[in-house]
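Read the figures in this text as sums done on the coordinates, not as results from a lab. Keep in mind that this is a model prediction, so the values were computed, not measured. Note: ideal-geometry Cβ built from the backbone for every residue, glycine included; neighbour counts use all protein chains shown.
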Amino acid sequence: MDFAMFIALLAATLQLATPLILGSLTGIWSERSGVVNIAIEGIMLTGAFAGYTVAEQTLDVARWSLGPIPGNLLLGVLAACVAGALLALVHAFWSLKLRTDQIISGTALNILALGLTAYLLRLIYDVGGSPKLPSTLPPLFVWNLTNSHGETISAQFTPIMLLSLVLVVATHLVLFHTPWGLRTLAAGEHPTTVRTLGMSLDAIRYTNLAIGGAIAGLAGAFLTLEQVGQFNENMTAGKGFIALAVMIFGRWKPFYALAAALFFGLADASQVLLQTWGIQIPAEFLEMLPYVLTLVALMGLVGRTRGPAAVGQI
Amino acid sequence: MAPAVQLKGIHKIYPGVIANDRVDWTLEWGQIHALLGENGAGKSTLMNVLYGMTRPDAGEIHVDGRQVEIPAPSAAIKLGIGMVHQHFQLVGPLTVAQNILLGCEPRLGPFFHTRKANQRVADLADRVGLPVDPTARVEQLPVGMQQRVEILKVLQRDARILIFDEPTAVLTPQEIDELGAVMKRLAQEGRALVFITHKMREVMAIATDVTVMRAGRVIGSTTPSATSAGELAAMVVGRPLAPVAEVPARLGGEVVLEIRDLHAANDRGLEALEGVSIDVRQGEIVGIIGVEGNGQSELVEVITGLRKASSGQLRLLGEGIAGATVRQRREKGVGHVAEDRLRHAVVTAYSIADNLVLDRYYLPPYSRNAMLDDRAITRNGATSLERYRIKAPDARTPVSSLSGGNQQKVVVARELDPNHRLLVVSQPTRGVDAGAAEFIHDQIRQLCDAGAAVLLVTNELDELMVLADRIGVMFHGKIAGWRVRGSCSREELGRMMIAGAGSGPLPGGAA
């Protein structure tokens with residue numbers, strides 16, 4: 001494989017890994033503060049829907065643009081983040097105020113998100129499905145390369161894709177190098193410490209869940225506004241759950257999670273690779289790969305990794 | 001000068017219990033004020049009121065002469081009140097400095113200023129004479145050091161009134177002495193200290209004043225010099241405690257448990273037992289003591305079947321049991337009062353009656369035709385409730401709603417079965433009040449007199465001195481030496497525990 005192919009594979013890997021990177025960050029923000037969040041899938045799906053709908057509905061209204069990014073898409077991204085944060089706050093309210101079991105609350109939200117987005121899709125766009133947006137988020141920069149056969153291959157780096165990397169660094173810095181992060185870790189490890197020091201445990205957890213929710217919403221916006229340009233029923237297809245596995249695989253640490261997400265992304269992108277090597281494997285098997293890897297990762301690692309000590313405790 | 005704290009008419013009712021019954025109590029500057037009482041006497045409630053964790057139904061709080069409201073710990077902290085909790089409020093994976101400065105972090109722009117934090121903690125430690133390594137991870141520190149971090153955390157917030165909730169419960173004798181010295185120094189600097197405890201010896205050694213509580217009321221206040229440990233104990237329990245009879249150390253009968261050259265690894269795979277040999281005979285209580293982490297826990301686990309020995313011999317009445325399962329060992333007559341009762345001895349969600357048959361539920365009369373006989377189980381529970389004076393409405397009460405002392409009585413009621421030939425008892429009175437402790441000690445002695453062999457593992461020198469016939473000191477996975485009760489001093493045992501020195505002759509011990 002030459003350099004051009006390598007870069008192209010890298011770009012494809014990062015693209016496929018983006019929702020997993022963002023989803024795992026959602027899990028990290030939430031669980032590090034002590035709340036189990038298996039609603040990542042549902043939040044992502046809701047974000048995807050909200051992002052798409054707002055972008056589609058404001059198509060004629062928002063005629064301005066920010067650099068290369070059309071105004072309606074920007075509004076869509078914003079809406080996705082807000083919707084994600086709100087849904088995460090519902091999870092926080094159920095878990096922290098009503099003391100619902102956090103797994104049950106997360107499951108309920110996943111089911112709710114799946115049903116509600118499908119219903120609203122029919123309600124707004126009827127049976128025809130969602131119309132394709134005229135444009136998706138444009139790449140911030142494109143790397144044109146020539147491969148050994150003299151063909152031009154371009155690797156595209158789009159905004160949310162790059163933003164996910166920024167958020168990995170930001171999450172790491174906030175969690176491990178700021179006072180807020182210190183309090184978050186304390187809330188996740190030993191919540192009564194936070195209380196006995198006269199701080200508000202709820203304030204810490206609600207805030208962290210909302211931030212995490214906004215990030216999962218962004219992952220949804222990535223799917224509709226950066227990749228596909230339209231919304232399909234259940235279009236997250238389990239990415240939120242794989243993100244959960246990525247979080248565990250990455251031991252609740254942003255950089256480890258990034259590595260894990262890239263590994264999963266690579267498994268996905270390897271279809272390209274295998275084709276260039278001329279290896280014929282039925283596509284179904286390759287599509288199965290991320291899910292199989294999730295199972296293997298969880299089987300092999302769950303017993304040996306340690307999450308925040310007080311996760312799930314009120 | 002106005003007293004540091006004055007509580008007037010503090011009243012607090014929980015459903016069915018009066019936790020504090022119009023309590024009046026005064027704490028003066030410079031005092032080390034011990035608060036004594038049985039479990040459930042209302043000491044913790046009173047201190048939680050002072051620290052803002054519980055709102056009283058009625059009553060006034062005066063701090064330094066001013067009447068104040070303390071609705072939350074943050075208000076208490078502002079008033080200069082700090083609490084050293086019994087269960088340390090520390091975040092294990094964080095460093096010492098991060099723990100101490102949590103909530104009042106030094107910043108560098110938006111970031112936590114690690115260098116400044118470490119410096120600040122080092123300065124504080126220096127100033128108050130409690131050296132710590134600010135960069136150490138708290139979970140890797142020994143218990144005594146963790147408590148020091150807890151104290152520094154309180155002092156960092158400029159606390160002038162310090163509450164210690166059972167500060168010595170988990171400390172070794174040496175650590176207790178150190179803590180006493182620290183507390184005296186803090187009081188000499190003009191602070192006001194109050195500590196909750198069950199142990200008379202510490203009251204006599206550390207406190208300047210004592211208040212005894214019983215059933216939510218203050219029974220009386222005095223000073224250690226004006227009273228005696230026995231008098232205090234009588235005040236706590238409400239009746240005189242029977243004096244501990246000076247029975248000469250017994251020489252046991254036939255060997256029940258025979259341990260030879262036992263080796264075993266701990267959870268991290270390191271060698272925890274490095275060749276332990278012990279004989280426990282019928283009718284004797286063999287005590288094992290040591291600083292935590294010297295292999296006592298592993299020894300108990302190997303004997304009871306919770307941990308595999310890597311080599312060595314383990315015989316019960318001459319029969320090898322090293323390969324036997326826990327149930328097989330229990331059926332051969334091994335009882336086990338586990339060190340960590342919540343993890344290894346009771347299921348808190350189950351009722352008292354169910355907990356009492358956890359080791360025999362599958363046998364008649366509790367099980368018939370593969371079905372549990374609830375009536376038989378409840379009847380058995382009711383009998384034990386009465387015999388062991390477990391304070392609960394009935395045998396169907398869940399264990400989770402019992403106090404620590406009563407939970408321990410449930411464990412003791414199950415494990416001190418007359419059919420048991422060997423009883424392995426680990427920290428039997430941890431977190432248990434004086435009355436219940438006396439009762440548990442009595443039960444152990446009775447079982448032993450009836451012919452059982454008892455291996456007692458404890459951190460409490462006092463407990464060892466009244467119960468054990470022979471005392472083995474564990475050090476670095478070995479028995480460093482044996483002593484016979486009555487012929488050794490606390491100081492000697494304390495030295496052996498830290499230095500491992502003094503392995504003298506082995507009176508009656510394994511050859």
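Tabulated data
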| item | result |
| --- | --- |
| Quotient of Cα Rg and 2.2 N^0.38 Å for the stretch B:145-266, N being how many residues it contains | 1.44 |
| Alpha carbon convex hull of chain B, volume per residue in cubic angstrom | 168 |
| Nearest-0.05 FRET efficiency for A:LEU86 and B:ARG55, computed from C-beta distance (R0 35 Å) | 0.55 |
| Where chymotrypsin sites (Phe, Trp or Tyr not before Pro) fall in DSSP loop in the stretch B:300-374, at most 11 other Cβ within 10 Å | B:TYR362 |
| Ranked packing of A:123-132, B:68-77, B:205-214, most packed first, by mean Cβ within 10 Å | B:205-214, B:68-77, A:123-132 |
| Top positive-direction residue, dipole computed over chain A with Cβ charges, set A:VAL194, A:LEU120, A:ALA283 | A:VAL194 |
| Gap separating the Cα centres of the stretch B:425-498 and the stretch B:82-154, nearest whole Å | 35 |
| Bridge type composition, the protein assembly as shown - antiparallel percent by DSSP, nearest 5 | 60 |
| Two-decimal Rg/Rh across the stretch A:110-177, once Rg and the Kirkwood Rh are taken from alpha-carbon atoms | 1.20 |
| Calculated FRET efficiency for the pair A:PHE3/A:ALA283, C-beta based, R₀ 22 Å, to 0.05 | 0.20 |
| Average Cα contact separation per residue, chain A, under 8 Å, 6 or more apart, as relative contact order % | 36 |
| Rounded to 5, percent antiparallel among DSSP beta bridges of chain B | 55 |
| FRET E, pair B:ILE498, A:ASP60, Förster distance 60 Å, beta-carbon r, rounded to 0.05 | 0.15 |
| Residues whose placed amide H lies under 5 Å from that of B:MET83, excluding near-sequence neighbours | B:ILE163 |
| In nm, spacing of pseudo-spin labels at B:HIS87 and B:TYR362 (7 Å Cα→C-beta vector) | 3.2 |
| Protection-proxy order for peptides B:268-278, A:87-97, each taking the mean of Cβ atoms within 10 Å per residue, highest first | A:87-97, B:268-278 |
| Lys, Arg +1 and Asp, Glu -1 on Cβ, resulting dipole of chain A about Cα centre, debye, nearest 20 | 1020 |
| Computed magnitude of the charge dipole of the stretch B:427-481 (debye, nearest 20; Cβ of K, R +1, Cβ of D, E -1) | 320 |
| Helical mean residue ellipticity (222 nm; -39500 (n - 2.57) per DSSP H run of 4+; nearest 500) of the protein assembly as shown | -14000 deg cm²/dmol |
| Percent RCO, i.e. relative contact order, over the stretch B:31-116, from Cα pairs under 8 Å lying at least 6 residues apart | 17 |
| Cα-based shape type of the stretch B:5-237, given that a ≥ b ≥ c are square roots of the gyration tensor eigenvalues and the cut on a/c is 1.5 | prolate |
| Cβ-defined net charge surrounding A:GLY198, 11 Å radius [Lys, Arg +1; Asp, Glu -1] | +3 |
| Once the Cα gyration tensor of the stretch B:348-415 is diagonalised, semi-axes √(5λ) in Å | 20, 11, 10 |
| Normalised contact order of the stretch B:5-237, rounded percent, pairs of Cα under 8 Å and 6 or more residues apart | 29 |
| Cross-link table B:LYS43/B:LYS116; B:LYS12/B:LYS153; A:LYS97/A:LYS253; B:LYS153/B:LYS409, entries beyond 32 Å C-alpha to C-alpha | B:LYS43/B:LYS116; B:LYS153/B:LYS409 |
| Debye equation applied to the C-alpha atoms of the stretch A:3-301, log10 I(q)/I(0) at 0.11, 0.13, 0.14 Å⁻¹ | -0.67, -0.92, -1.05 |
| P(r) weight above 55 Å for the protein assembly as shown, C-alpha pairs, percent | 24 |
| Of all DSSP beta bridges in the stretch B:5-237, antiparallel share, percent nearest 5 | 55 |
| Tensor-based shape of the stretch B:195-332 (alpha-carbon gyration tensor, a/c under 1.5 rounded, otherwise prolate or oblate) | prolate |
| Highest to lowest packing among A:68-75, B:180-187, scored as the average C-beta count within 10 Å | A:68-75, B:180-187 |
| Semi-axis lengths, Å, the stretch B:4-110, gyration tensor of Cα atoms, sqrt of 5 times eigenvalues | 29, 17, 14 |
